[in-house]
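None of the figures in this text is laboratory data; all of them are computed from the coordinates on show. Model, not experiment: these values are computed from the prediction. FYI the Cβ positions are ideal-geometry reconstructions off the backbone, even for glycines, and counts take in every protein chain you see.
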Amino acid sequence: MPTYIHHFVIDEVADVFDASSLWQAAGLPLFARKLHLRDLLERHPRQQKGRTLHSCFSHVRLLLPTAQLDDDDHLFRASHKNELIAALTALHQSDFANLLDGQEVRYQVIADDSLAPQQVGVQFGHALYN
């Protein structure tokens, strides 16, 4: 039975608006101790046959700490949030181009009161559409 919504929390994020640090570990990802967004999408494919990925999820929801998202909304008119969405969409399209099956990549960023300042929540799955 499929999992309809995958939910993960990425800890120890220095800047929650830095797309490259959320997407993949710097340097050799083989030696990274924590999972990043790209790793999570690879480990939980939309469709898999055997050990081969056939498609990945294209709609992703990011949950950011409420205080940081509110500060961005009020002080920067949500520019950091919009840049994060654009950068992650571009990374997703470039790294998983052959697994998207023509689907549009969509990211949504919402506030979450339960997250600590250096945490980012990630949701994707069969029942998530942005």
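Residues whose amide H comes within less than 5 Å of that of R106, counting only those at least five positions distant or on another chain, are H59, V60 (H built at 1.01 Å from N in the peptide plane). Modelled label positions at A14 and S94, each set 7 Å beyond Cα in the direction of Cβ, lie 2.0 nm from each other. The magnitude of the dipole of the chain, with charges of +1 and -1 set on the Cβ of Lys/Arg and Asp/Glu and taken from the Cα centre, is near 680 debye. Principal axis extents of the Cα atoms in the range 59-113, from largest to smallest and rounded to whole angstrom, are 38, 20, 13. Measuring how big the chain is from its alpha-carbon positions, Rg and Dmax come out at 14.5, 48 Å. Mean separation of Cα pairs under 8 Å and 6+ residues apart, divided by the residue count of the chain: what relative contact order is that in percent? Relative contact order of the chain: 43 percent. Each DSSP beta bridge with both residues in the chain is either parallel or antiparallel, and the antiparallel ones are about 60%.
Helix 66-76 and the long axis of the chain differ in direction by around 70°, with both axes built from C-alpha atoms. Simple rule: put +1 on each Lys or Arg Cβ and -1 on each Asp or Glu Cβ in the chain, find the dipole, and look at F96, Q47, L69; the Cα lying farthest toward the positive end is Q47.
Angle between the Cα long axis of helix 79-95 and the longest principal axis of the chain, 0 to 90 degrees, nearest 10? The two axes meet at around 20 degrees.
A DSSP coil position with no more than 13 other Cβ atoms inside 10 Å describes the following trypsin sites (Lys or Arg not before Pro) in the range 77-112: R77.
Rounded to the nearest 20 debye, the dipole size of the range 42-106 about its Cα centre is 440 debye, using +1 on the Cβ of Lys and Arg and -1 on the Cβ of Asp and Glu.
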